[in-house]
Amino acid sequence: MSALLRSGPVRTITPFLVLLIFLLAALQWAHEGVYEATIVVSAVGFALLAAGLNIIGGFGGRLAFGNTIFFGVGAFAPALGVTHHWYSALTGMVIGVVISAIAAFILSKVLWRLAGLLFALVTFAMSIMLQELVSLGNTFGGPQGLQEPLATKTSITGLALLSNYDYAVVGVVLVFLAAVLTWWVRRSRFGQQLLASRDDRIAAEANGVNASQVTAYAWALSAAVTAIAGTYFVQANAFIDSTTAFGLNTGVNMIASNIIGGLGTVFGPFIGAGLVGAGLLLNRLSSGASLPGLNELVYGAALILVVRLAPGGIVGVWHSAVQAIAARRRPAHDPATAEEAGTGTATPAAGADGVTAAGLTGAASLAAEQAALAGHLRSDGLSPEQSTAGESGYLLEVIGVEKQFGGVRALNGVTVGVRPSEVVGLVGPNGAGKSTLFNCIEGIERLTAGEVKYQGGRIDRLPTHQRARLGMGRTFQHVRLFRTMSVLANVSMPLVARGVGRTESLAVATDLIRFARLEEVSAEPVSGLSVVHQRRVELARAVAGGSTMVLLDEVMTGLADEEATEIGGLIRTLSTEFGVAFLVVEHVMGRLVPVVDRLVVMDFGRVIAEGSTEEVLADARVREAYLGAGALGEAPQAPEDTAAEATGKRGPE
Amino acid sequence: MTTFIQSLILGILAGAVYGLFSIGLSLSFGVLRLVNFAHGDFVMVGMYLAYVAEHTWGLPLAAVLPLSIIPAALVAYLVYIVFFHGTGRQAEHDQLIISLGISIILENAALDIFGDTARSLNPLTISSFRFGGLYVPKAELLAFILSIILVGAIDLVLSRTGFGRAVRAVVANRAVAELAGVRSSRVFTLTFVISIVLAIVAGIVIVGYLPATPDVGSNFVLIGFIAVLLGGTGDLRGTFAAAVIVGLTESLVSIYWAPSVQDVVAYGLFVVIAMTRPRGLFGRGVGAIA
């Protein structure tokens, strides 16, 4: 039984079956009377509203408190048409959905730079502003709202049904469709990119994901679903006013359904909405009491209880329970459960051991793997044209780049070039401008002056994700992985972002994972991995999209010597066997020297020396920058030993 | 001209009191990353507290104020321990939901206890100082003076004392602050207590000129958010200045346009500025940009 549950299609279908049974039961109950049907209709409204928010708030990581805007638009659009005899309710619904989707898309772009909480508040303020605005004139019925005439016959263009039970039937269908849509979003390529943008916006862009675009589409989809919830509400209740449409209470129910059920899970919002609907029922049963606020009070308390006792919502608690049971039953690795853990509650995985052993023993099969990998990396769809250099013979050229931060000139005319399949080390004291240079090359910072060329063409005006898609990979000084995803999902992200098919991207990612000796932890969520594994995941991800130029920012920092050597070996192999060029920032010269073909030394935002490791280490200016003017003694004969001690600290601090 | 000056006076008076509860909101937003939707409801609690003190116990406002500080701090402490302790800065969404829950509880408790009729104090409401064609309502003036004193005191505490340094250290980098010996959990608790006490005190002075209703808090919390974000999150002086600007805007709009649109204009102002200047009007805010 448990084996059956773990297999793919069954796992997917089971929750849908449960939902379906539950929905049919609700319908059966709604059949009993007008009151029961009203409760089901309300719960359906919450479910659609919650599902809409979940797409942007759960999967997109942007809790749009003001999603009520689109609920209001979706409700008022048909109500206006019907009460003023302008157009039919169906037309109104289409208008509402289209306006909502377009508005959400534009708003998403405009508000892109606002961080989570501020984003939530700004959208909330917009909704409250609309509430006030709409209650002003008579067009929207003022504070009393609009009352649609009751339907006398069933009509499609009028979106009119005769009984609450009929509305419940339609609502149940809509909820099921919303669940399918949510499930599709979660597993689609689009959804994967959305989750990546949520987990780490900068890492997503550096791996070719157009984060702002993906998020804008997600909000548009979310707004469309929410607008349909609004239309459903107004048609079923034949009534809408500004407070119901845009007000705080609607927003609270929308968010509460998600939080109670589990924000960012496929079925959580629906479970939460069912419970909020059941809460309404209790409300009604105990009404007429002497304390008018008591039921709401209980609702508030229940909300707090759920958040405090069941973080991650009901689905979150369910996932943790399932994992705890599974872990007790099977102490060994089981990819099937670990992969699913990627959703909400990432449990730290104990996967550190097996891999180092594999790293030492696996050398025999390396040649075969490399052949397979080479095939993938060089296959037509993947590698960006050929690894062509510009006329100058350089793959990457940084020409006279300047970067000014306020009064600080972080880069002052930096010129650096990297040839195809060359490994160039970039060294310099802290604050020399190395990471800033990386950010300028990658497009995370804009240049103040100068040019960046890649394959002979200027790229310094391109957004980050486009530079990545041209074939530039990147690792970060502080590892930036998509923390809720598995190793496999992380490594395949650049392929997903480039539109490579599922099968092929899995094949490439699997080969790379084997190459980076991560197969033991392939299905584990990255958040539980050790630093050395995380660095290897990041390296594998950086080349996964067929990158020909990879920027490594202190990829060996914090690693033990043998681990660093292993990473160095991976870099050399990628360079010599697969023609990948590297620009490597590293502090410890002794680790860099065996890996690089050439060294570039920076200090105070300038290149102060460049050439082979011997030349550079003999350079007086370099030794001054590294060891301080007073420390000038013998020229280091064995660069590995002497310079290894100079870990990048400027002499007299 | 008289009308204009009059509306300026009323706007500044109202704005300073907005500032009093807004800096409390700004503190919890900046330090705890808590979007406290219940903040306005604590203002409401203060209003009912002063109302009960006067009507039931016959205490004058001047006595209520000092007497209420310690109970208010205790209540705030309990609320923090029971509801927020251990949620941490990471769980921003959870904290937001908890505060919504508290808001619902407070509003409905007030509804159950006091009903939905508006309650107000008698004496101060009508009397005002008059000179020229202008008038300055006494209750508002009192509230204004108290706000200035309290905001000044909080500013001094944050800029001059060890506690203030600890707060700034925790905001800048919690882990490093803890390594340096700052007990961040204590900073969080104290910050929350100060924030809530400010809200309750603001309520006590506001009820001198505004009647209390169970849902009055939602207006305050919206004004507070606007002030916090316009002023720049974590910038207390900016928040206070922004609160005064909100007060002025509302006063001018309601006199020269219509009282019904004053909120729309205030929210609109907020939305536009949030989009164009995410670090706040004065550009010193932190944490607003990803």
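Laid out as a table, the results:
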read-out	value
Projected area, mean over directions - the stretch A:76-161, Cα convex hull, nm²	6.7
Under Karplus coefficients 6.51, -1.76 and 1.60, residue-wise ³J(HN,Hα) of the stretch A:61-73 in Hz, glycine/proline x	x, 10, 6, 7, 3, x, 4, 4, 3, 6, 4, x, 4
A:403, B:138 arranged by Cβ crowding within 10 Å, fewest neighbours leading	B:138, A:403
Dimensions (Å) - the protein assembly as shown, Cα atoms, principal axes, largest first	91, 68, 54
Interchain or long-range residues, amide H under 5 Å from residue A:609's placed H	A:601
Directionally averaged projected area (convex hull, Cα atoms, the stretch B:208-268), nm²	4.7
Ascending count of other beta-carbon atoms within 10 Å, so fewest first, for A:541, A:469	A:469, A:541
Under 5 Å, built H, 5+ apart or other chain: amide partners of residue A:239	A:148
DSSP-loop trypsin sites (Lys or Arg not before Pro) across the stretch A:31-133, with at most 16 other Cβ within 10 angstrom	A:113
Convex hull (Cα only) mean projected area of chain B, reported in nm² to one decimal	15.4
For the protein assembly as shown, share of DSSP beta bridges that run antiparallel, in % to the nearest 5	65
³J(HN,Hα), Karplus 6.51/-1.76/1.60, whole Hz, each residue of the stretch A:178-186, x for Gly, Pro	4, 5, 5, 4, 4, 4, 4, 4, 4
Integer Hz, Karplus 6.51/-1.76/1.60 couplings in order for the stretch A:132-141, x for Gly and Pro	5, 4, 5, 7, 6, x, 9, 3, 9, x
Whole-percent pair-distance distribution, where bins are 5 Å wide, for the alpha carbons of the stretch A:166-323	2, 8, 12, 17, 19, 17, 13, 7, 3, 2, 1, 0, 0
Between 0 and 90°, nearest 10: helix B:184-206 axis offset from chain B longest Cα axis	0
Relative frequency of Cα-Cα separations exceeding 28 Å in the stretch B:1-138, percent	33
Listed residues A:165, A:191, A:105: farthest to the positive end of the dipole of the stretch A:19-285 (Cβ charges)	A:191
Cβ-placed point charges (K, R +1; D, E -1), dipole of chain B about Cα centre in debye, nearest 20	1020
Residues B:44, A:126, sorted so that the one with the fewest Cβ neighbours within 10 Å comes first	A:126, B:44
On Cα atoms only, tilt of B:162-172 relative to the major axis of chain B in degrees	70
Chymotrypsin sites (Phe, Trp or Tyr not before Pro) restricted to the stretch B:12-62 and DSSP loop, no more than 10 other C-beta within 10 Å	B:57
Dipole magnitude of the stretch A:19-285, debye to nearest 20 (Cβ charges: Lys/Arg +1, Asp/Glu -1, about Cα centre)	560
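The numbers here are math on the coordinates, done by the rules we state, and not lab data. Nothing here was measured: the structure is a model prediction, and the numbers come from that model. Virtual Cβ from ideal backbone geometry, glycine too; neighbours counted across all protein chains shown.
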